[in-house]
Amino acid sequence: MTASDAIVVGAGPAGAAAAIGLARAGATILLLERARETGDALCGGFLSWQTLARLEALGIDRGALGGQAVRRVRLFAGKRHSETALPGEAMGVSRHRLDSVLQAAAVAAGAKLERAVHATALDGGAIQTRDGATLTAPAIFLAAGKHGFRGQPREPAEWQRQDPVMGLRLRLPAHPALDRLVGDAVELHLLDRGYAGLVRQEDGSANLCLAVHKSRLDEVGGDPGALLRALGDRLPHLGERLAHADWSRAVDAIGHVPYGWRTADTRAGLFRLGDQAGVIPSLAGEGMGLAVASAAAAVAAWRHGGTDAAPDFQRGLAARMTRPFALANLVWRAGENRRTAAPMTVLASLFPSLVRRMSQATRIDTR
């Protein structure tokens, strides 16, 4: 049992941002985090101009993050490529840095952070933990990230159930060649049945994240490192970047990510945030945007309507996700198709304004 006004499950960007807002509104907050120490989550190192503005509204100064300025987006398909200025200045920053800064701000605002508490299920208005404890509060903010949560199913689209999507990550160490090759850009490398995103971070290293279908991984015996090497041999631009990889580092992986899933369903007192509300296709670079935006909207709904506001909040958030998710899904499906990836890259090169418009249209607007 707890004496908290609200329990926030998950101290990633969505959960920590919600805890900051709730604590500053005068609520007594228990913030639960399953990890003993702040790690470096698989992906999510890109902060759009809009997300940076939302973080500043929480009192998180850009200087405190100290990330890599990102001003351009590059698109690669085989030997073709395009480059376009982003609508605003974005940032590349590690999840370790981002989560650490947000968690510190939540604690400073008055939230109680408890680590190594692994919430596993919701039973009515109660949270069940792995060690058998039961925690209750009038409001629960579920922000457990991409991890599945018993009692809260997330079903992928039919085409993903037939060939599930896997998330992979390799951190490329800082190297002068990465400064030259990547610089202040976020890169999207399109490939058969997937894509790779690359952005430099605060220490000069680069985060290489892939969303690939399981069938592609199966072709190399399920070995993520072998897949990356094969892609580097086949795709010249990606190969240039991977030439500076430290192959002694493990390739991180997460399975069956339900990209494109979203929900409008909840009950009074349960606010679903971030990837527990919807999983936007990651090439849009709006995963962190959805996390922070959903937290802000949930806090505003709770402040105005209390626990009864959760269902309306969830329906409203789902409605606002409709267009960004649909557009991101459309671009993703075109980008992972060998017949359409190259023409899409040519179109981006000829009409850069379309890229900027798509970059704007895939942001989450919770106003």
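A few points about this structure:
- Filtered residues of region 44-63 (kept if assigned to a helix (DSSP H, G or I) and either closer than 28 Å to Arg180 by Cβ or of a type outside the set (A, V, I, L, M, F, W, C) (or both)): Trp49, Gln50, Thr51, Leu52, Arg54, Glu56, Arg62, Gly63
- Against the test of being farther than 17 Å from Ala144 by Cβ, assigned by TED's automatic domain parsing to the domain that holds Ala108 and in contact with a helix residue (DSSP H, G or I) (Cβ under 9 Å, 6 or more places away or on another chain), the options Ala53, Ala19, Ala41, Ala23 yield a single qualifying residue, Ala23.
- Within the span defined as region 180-189, every residue fails to be outside any strand (DSSP E or B), in contact (Cβ under 8 Å) with a residue 24 or more places away in the chain, assigned by TED's automatic domain parsing to the domain that holds Arg241 and closer than 16 Å to Ala334 by Cβ.
- Any hit, region 270-291, residues being polar (S, T, N, Q) and either more than 30 Å from Leu217 (Cα to Cα) or in contact with a Pro (Cβ under 6 Å, 6 or more places away or on another chain) (or both): no
- Scanning region 137-157 for any residue that is at pLDDT 90 or above and either surrounded by fewer than 18 Cβ atoms within 10 Å (Cβ to Cβ) or of a type in the set (Phe, Trp, Tyr) (or both) turns up at least one such residue.
- Test result for Lys214, within 28 Å of Ala300 (Cα to Cα), of a type in the set (Lys, Arg) and touching a strand residue (DSSP E or B) at 6+ places or on another chain (Cβ under 8 Å): no
- Residue satisfying all of: in region 273-289; out of contact with any helix residue (DSSP H, G or I) (no Cβ under 6 Å at 6 or more places or on another chain) and not in a loop (DSSP other than H, G, I, E, B); surrounded by the fewest Cβ atoms within 10 Å (Cβ to Cβ) among these: Ser282
- Residue in region 118-125 that is β-branched (Val, Ile, Thr) and modelled with pLDDT under 95 present: yes
- Near pairs, Cβ below 8 angstrom, 6+ apart or cross-chain, from region 242-261 (touching a residue at least 12 places away in the same chain (Cβ under 8 Å) and among the charged types (D, E, K, R)) to any residue that is part of a loop (DSSP other than H, G, I, E, B) and surrounded by 18 or more Cβ atoms within 10 Å (Cβ to Cβ): Asp252/Leu42
- In the set Ala143, Ala157, Ala139, only one residue is in contact with a Phe, Trp or Tyr (Cβ under 7 Å, 6 or more places away or on another chain) and either closer than 30 Å to Trp302 by Cα or among the hydrophobic types (A, V, I, L, M, F, W, C) (or both); that residue is Ala139.
- Flag if Ala342 is assigned to a helix (DSSP H, G or I), within 30 Å of Ala25 (Cα to Cα) and in contact with a strand residue (DSSP E or B) (Cβ under 9 Å, 6 or more places away or on another chain): no
- Scanning region 240-256 for residues that are under 25 Å from the mean Cα position of the chain (by Cα) and not in a loop (DSSP other than H, G, I, E, B), we see that the one that is surrounded by the fewest Cβ atoms within 10 Å (Cβ to Cβ) is Ala253.
Rundown of residues vs (1) at pLDDT 95 or above; (2) not aliphatic (A, V, I, L, M); (3) not assigned by TED's automatic domain parsing to the domain that holds Ala268, yes/no style:
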{"site": "Ala297", "(1), (2), (3)": "yes, no, no"}
{"site": "Ala318", "(1), (2), (3)": "yes, no, no"}
{"site": "Ala326", "(1), (2), (3)": "no, no, no"}
{"site": "Leu350", "(1), (2), (3)": "no, no, no"}
{"site": "Arg356", "(1), (2), (3)": "no, yes, no"}
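- The set of residues from region 119-132 being in a loop (DSSP other than H, G, I, E, B) and either surrounded by 13 or more Cβ atoms within 10 Å (Cβ to Cβ) or touching an Asp or Glu at 6+ places or on another chain (Cβ under 9 Å) (or both) comprises just one member, Gly125.
- Within region 204-237, the set of residues being touching a Gly at 6+ places or on another chain (Cβ under 9 Å) and under 30 Å from Ala64 (Cβ atoms) comprises Ala206, Asn207, Leu208, Cys209, Leu210, Ala211.
The values are calculated or read from the model by the stated rules, or taken from the named source; none is laboratory data. Everything numeric here is computed off the predicted structure, so don't read it as measured data. When we count neighbours, we look across all protein chains shown, and the Cβ atoms used for this are built from the backbone with ideal geometry, even at glycine.
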